[in-house]
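Okay, structure first, notes after.
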Amino acid sequence: QVQLVESGGGLVQAGGSLRLSCAASGRTFSSYAVGWFRQVPGKERQFVAHISWNGAITNYEDSVKGRFTISRDNAKNTAALQMNTLKPEDTAVYYCAAWPRGGWNIADKYEYWGQGTQVTVSS
């Protein structure tokens, strides 16, 4: 069992930066790939970024490539999403997820989820 807790969200002006953190409990966190997703009211959860269990492979949704960076520290049981050059359209609740059973960019494939953290980007 893995429990995930996100932090680091907040209100930022367009062009600014935020760093989201995902703290995991459970000894098996280092064995799982991790994904970040975001969701706005009335829409499905959208893939943002993915990192493999050892950090060797990363993937990004096209609109965040070059602006967001996903990372992890297995020794500390944490993952992070560094978000730079934020845009108003990045406004959403951001979720950390772990253990995709196939389909690392598909929300329904992930076994474990955090509670989410709100990111609001003002224009």
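Sum up the charges of everything whose Cβ sits under 13 Å from the Cβ of residue 29, counting Lys and Arg as +1 and Asp and Glu as -1, but leave residue 29 out.
The answer is +1.
Tell me, what % of the accessible area of the chain is carbon and sulfur with a 1.4 angstrom probe? Show your work: numbers first, answer last.
Working: 3030 of 6340 Å².
Summing carbon and sulfur atoms, their accessible area is 48 percent of the total for the chain.
Separation between the residue 89 and residue 5 pseudo-spin-labels, each 7 Å from Cα along Cα→Cβ, expressed in nm?
According to this spin-label approximation, the distance is 3.5 nm.
So with the 1.4 Å probe, I'd like the accessible area per residue for the chain, rounded to whole Å².
52
Within the range 72-110, list the trypsin sites (Lys or Arg not before Pro) lying in a DSSP loop whose Cβ has at most 13 other Cβ atoms in a 10 Å radius.
Hits after loop and neighbour filter: 76, 101.
Between the DSSP loop rule and a limit of at most 15 other Cβ atoms within 10 Å, which GluC sites (Glu not before Pro) in the range 15-98 are left?
Sites meeting the loop and neighbour criteria: 44.
With a 1.4 Å probe and all protein chains kept in place, how do 123, 63 rank by accessible area, largest first? Walk me through the intermediate numbers first.
Working: 123 140, 63 55 Å².
From most accessible down to least: 123, 63.
The values are calculated or read from the model by the stated rules, or taken from the named source; none is laboratory data. Quick caveat: nothing in here was measured; it's all calculated off a predicted structure. A quick note on method: Cβ atoms are made from the backbone with ideal geometry, for glycine too, and the neighbour counts reach across all protein chains shown. For the accessible areas, the whole protein counts, side chains as well, though only heavy atoms, and no ligand, DNA or RNA atoms are used. Shrake-Rupley method; radii C 1.70, N 1.55, O 1.52, S 1.80 Å.
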